[in-house]
Amino acid sequence: MLEAADDIRRKESTMAASAVLIRRRDVFWRGQAPFVFGTVVLVGFVLIGVPSAIGDAFFLLGLGVTALATASIAIVPWNQLPSNALIAIPLSDIVAVAFLRESLYAALPSTGLLIVFPVMWLSYRFPVSAIPLSAIGALYVTALPILAGRPAPATGRDWASLFLLPALITIVAVTVHAAARLLRATRAEARRVLNEAEQANALALTVANSVDAAIVHFLPDGSVGMRNQATFAQAEIAEYDKASKSALAAYEADRRTPLRREDQPIYRALRGEEFRGLLYWIGRPGNQHAIVANSVGVHTDDGAFLGTVLVGHDVTDLANAISVREEFLVAVSHELRTPLTSIIGYLDILSDAHDLDALGIRREVSTIQRNADQLHAIISDLLTSNASEIRVRPGPVDLAHVVRECAEAVAPRAHVLGIDVEVDAPERFDADADASRIGQVIDNLLSNGLKYTPRGGRVSLSLVPGDTEFSIVVTDTGIGISQSDQRQLFDRFFRAQEVRDQATQGLGLGLSIVRTIVDAHHGRIDVESLPGKGSRFTVTLPLHQRRR
């Protein structure tokens, strides 16, 4: 431990020495060096033009003061003195300028311009109180010849020569000091902004690392601006390859089909695409994780593009739970279907083999038959809704005929309920679709319309042809759906609040099945509804289906 402490002290001593060395270098290069270089240039001109001045006492004295002031930078322990003690160096330089100018008064009168260098140092580095010192120093430079025995000013020109340099130097000092204050204020503001940016970045990174989701920010050039720890974990599971910028172990929702590089979230985010709710799996079989990816572009207030943020949520537990639930529902539904099929079969045999009216059990058997059919329909819906993918077999079909058939099928029920059913369809309209599945879509939408429309209402069914796509529109004058419920309307087992309040029977599977069939046809379904104002469902499908 003692050796470790000694090492620490040695390191601190070395760091302190380096700090002193760096400060002395700054003092020389930022303050004294311009004056030294100017003096060297002056000596060169003197050697060429006025060699006789080399032996002048004032010239030698000026060089000596310059050398002494420069040497003091390395000799004097400035770190142990007040910070303003350094003012002695530029003041010494002003004295040196006075001596040099006196020695070259007749030959090189512009020598006095050397005072600009120490004055600028005084004005930039030291407080405003240094400005009068600059003016006094300039006056000393111009007055030294008088102090050395030259004639005092006798004319206006002489007095102007005495005070012109101090006046100009004062202006220079004030200007430099004001610029220095502005520069320091700007630097302080920049430092403050930088500190705030660093704090915001540290906060953002801390927040990002505190969540389980992988978060990565791609800059416009494709490089990574920021990423959290969860990103590394998901990249390792997905076997992300930096060279190709793709995951080697990424699969589609079926967990088996490899996800193409062009379809992978990272690649799409690098292209600047925005998307939400993209489900895919990463990892080899046996260690697979379900990821839901969202990608959103980052823009400034003026619209400048700052890159794309990609977020990957690990929803493996939820996906597995849903899978277990679906498997359970399918298993139970299959187990219920077998005895139910037997019950329905024996009811048919009973109805055919016996005169139920004579036996007096017509009503009872009809009740059993009705409830058995209802239970069979529920089980069929469960099996359909839990299928991982509904297969459609598109082919040429007259959709106008399908629409009219569906309307005719619900006409008896609508008559009993006191609801008018209106149909608007062309005489014939051929399209590429699965007639059975489209009929199932229309049946579900019509059934919902009849179920939630009060007596005296109206349900309308329309087929709207188009050049590249067509629409099936079902409108009712029923109870309507609130905006909040519309967001979950197509979720399995979801039932709107108005429906629950009225205790209307149903499992909440019909619209889920509708959406699944529409998605399988590469179409879309939209809903417009207001509570108490009825609903309008629009199914839009392409005229021709893509073949896989």
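The values are calculated or read from the model by the stated rules, or taken from the named source; none is laboratory data. Quick caveat, the model's predicted, so the values are computed rather than measured. So basically every Cβ, Gly included, is an ideal-geometry build from the backbone, and we count neighbours across all protein chains shown.
A few remarks follow.
- Of all the residues in segment 213-241, those that are surrounded by fewer than 18 Cβ atoms within 10 Å (Cβ to Cβ) and farther than 16 Å from GLY307 by Cβ number 6.
- Taken over segment 64-85, the criterion of being exposed (fewer than 15 other Cβ atoms within 10 Å of the Cβ) and assigned to a loop (DSSP other than H, G, I, E, B) is satisfied by PRO77, LEU81, PRO82.
- Of all residues in segment 200-212, none are outside any loop (DSSP other than H, G, I, E, B) and at pLDDT 85 or above.
- Where a residue in segment 283-311 is closer than 19 Å to ALA321 by Cβ and not assigned by TED's automatic domain parsing to the domain that holds LEU259 and its partner, wherever it lies, is of a type in the set (S, T, N, Q) and outside any strand (DSSP E or B), with Cβ under 7 Å and at least six apart: none
- Matching residues, segment 123-171, being assigned to a helix (DSSP H, G or I), among the hydrophobic types (A, V, I, L, M, F, W, C) and touching a helix residue (DSSP H, G or I) at 6+ places or on another chain (Cβ under 6 Å): ALA130, ILE131, ALA135, ALA138, LEU139, VAL141, LEU144, LEU162, LEU165, ILE169
- For segment 400-435, filtering for residues that are part of a helix (DSSP H, G or I), within 21 Å of LEU450 (Cβ to Cβ) and touching a residue at least 24 places away in the same chain (Cβ under 8 Å) leaves 10.
Yes/no matrix, rows are residues, columns are (1) buried (at least 22 other Cβ atoms within 10 Å of the Cβ); (2) at pLDDT below 90; (3) hydroxyl-bearing (Ser, Thr, Tyr); (4) on the phi < 0 side of the Ramachandran plot:
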{"site": "LEU108", "(1), (2), (3), (4)": "no, yes, no, yes"}
{"site": "LEU114", "(1), (2), (3), (4)": "yes, no, no, yes"}
{"site": "ARG125", "(1), (2), (3), (4)": "no, yes, no, yes"}
{"site": "SER129", "(1), (2), (3), (4)": "no, yes, yes, yes"}
{"site": "ILE136", "(1), (2), (3), (4)": "no, no, no, yes"}
{"site": "LEU139", "(1), (2), (3), (4)": "no, no, no, yes"}
{"site": "THR142", "(1), (2), (3), (4)": "no, yes, yes, yes"}
{"site": "ALA148", "(1), (2), (3), (4)": "no, yes, no, yes"}
{"site": "ARG157", "(1), (2), (3), (4)": "no, yes, no, yes"}
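Residues are listed down the side, and each one gets a yes or a no for (1) under 20 Å from ARG437 (Cα atoms); (2) modelled with pLDDT of 80 or more:
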residue	(1), (2)
GLU469	yes, yes
SER482	no, no
ASP491	yes, no
ALA496	no, no
ASP501	no, no
THR504	no, no
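- Among residues that are assigned to a helix (DSSP H, G or I), buried (at least 24 other Cβ atoms within 10 Å of the Cβ) and in the same structural domain as HIS177 (by TED's automatic domain parsing), VAL97 is included.
- For the residues ARG260, ARG187, ARG256, ARG227, the requirement of being out of contact with any helix residue (DSSP H, G or I) (no Cβ under 7 Å at 6 or more places or on another chain) and more than 27 Å from VAL315 (Cα to Cα) singles out ARG187.
- Lone qualifier among LEU203, LEU194, LEU182, LEU165 - being of a type outside the set (Gly, Ala, Ser) and surrounded by 15 or more Cβ atoms within 10 Å (Cβ to Cβ): LEU165
- From HIS376, HIS334, residue being outside any strand (DSSP E or B), modelled with pLDDT under 75, on the phi < 0 side of the Ramachandran plot and surrounded by 15 or more Cβ atoms within 10 Å (Cβ to Cβ): HIS376
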